[in-house]
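Here's the structure we're looking at; comments come further down.
All of the numbers you see were taken from the coordinates with simple rules; none came from a lab. Just so it is clear, the model here is predicted, and its values are computed rather than measured. For neighbour counting, all protein chains shown are included, and Cβ atoms are generated from backbone atoms with ideal geometry for every residue, glycine included.
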Amino acid sequence: GDSVTQTEGLVTLTKGLPVMLNCTYQTTYSPFLFWYVQHLNEAPKLLLKSSTDNKRTEHQGFYATLHKSSSSFHLQKSSVQLSDSALYFCALSGTGSFNKLTFGAGTRLAVCP
Amino acid sequence: EAAVTQSPRNKVTVTGGNVTLSCRQTNSHNYMYWYRQDTGHGLRLIHYSYGAGNLQIGDVPDGYKATRTTQEDFFLLLELASPSQTSLYFCASSDPRSGNTLYFGEGSRLIVV
């Protein structure tokens, strides 16, 4: 079946530094990848979703590129802010069902002053 | 803005008890989902539905039943609650017309003692 791996459970950074949150996936079908963000005591919401292979997508200063050759969709930002502190989930829609998402375990990003 | 409403927001029950979690969406979306969120596991799909009367089994269905009575309403039933079902439950809706973005409710926290 489909699976998503996020290797970091917690990433702690100082404000203004760049960040990359890792996401790799497994599926036997053509993948659609998503990043969802969940702030404390809130519901998850979509941050951005993949486009075509090797094309970068951006939203609110975050960006990610789907690389089918390495089965990856890492999330990046050039300069994190305090308000970026949240839980970030990578999600995959593959295996013949565009409407069924498989989520990774999540990475908590903590940004310090 | 899409709207998904869950009730109750908090529930405590005893082992063996009966619990119903309710979800209503006013987005006119066809798809509705029930996820559970646990630290280290991310969001795991319990059941989902693509219309009234339809039910699809998710990835962690054991111990849960679900019913979609109308396009708007999706219920999750725990008929013999166990401590392992202590979790944060999220309902979500989506539709191809909105790019299959998941819109989540605010969550229902269930504690089984």
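How high is the FRET efficiency from B:GLU106 to B:ALA52, r the C-beta distance, R0 22 Å, rounded to 0.05?
The calculated FRET efficiency here is 0.40.
Extent of the protein assembly as shown along each principal axis, from alpha carbon coordinates, in Å, largest to smallest?
On the principal axes, the protein assembly as shown reaches 48, 38, 33 Å in Cα extent.
Over 21 Å between Cα atoms: which of A:LYS15/A:LYS77; A:LYS15/A:LYS49; A:LYS15/A:LYS68; A:LYS45/A:LYS77 fall into that group?
The answer is A:LYS15/A:LYS49; A:LYS15/A:LYS68.
Give, as a single signed number, the net charge of other residues whose beta carbon lies under 14 Å from the beta carbon of A:SER51, with Lys and Arg counted +1 and Asp and Glu -1.
Details: positive: A:LYS49, A:LYS55, A:ARG56, A:LYS68; negative: A:ASP53, A:GLU58.
Local net charge: +2.
Read phi for every residue in the range A:24-41 and hand back ³J(HN,Hα) as whole Hz from Karplus 6.51 cos²θ - 1.76 cosθ + 1.60, θ = phi - 60°, with x for Gly and Pro.
The phi angles translate into 10, 9, 9, 7, 8, 10, 5, x, 10, 10, 9, 10, 10, 10, 10, 7, 3, 6 Hz.
For the protein assembly as shown, build the charge dipole from Cβ charges (+1 Lys, Arg; -1 Asp, Glu) around the Cα centre, then report which of B:SER82, B:GLN71, B:GLY17 sits farthest towards its positive end.
B:GLN71
What lysines does B:LYS11 reach when the alpha-carbon gap must be under 18 Å and sequence neighbours fewer than 8 apart in one chain are set aside?
B:LYS11 reaches B:LYS65.
Projecting each Cα onto the charge dipole of chain B (Lys/Arg +1, Asp/Glu -1 at the beta carbon, about the Cα centre), which of B:GLY42, B:VAL60, B:VAL113 comes out farthest on the positive side?
Farthest towards the positive pole: B:VAL113.
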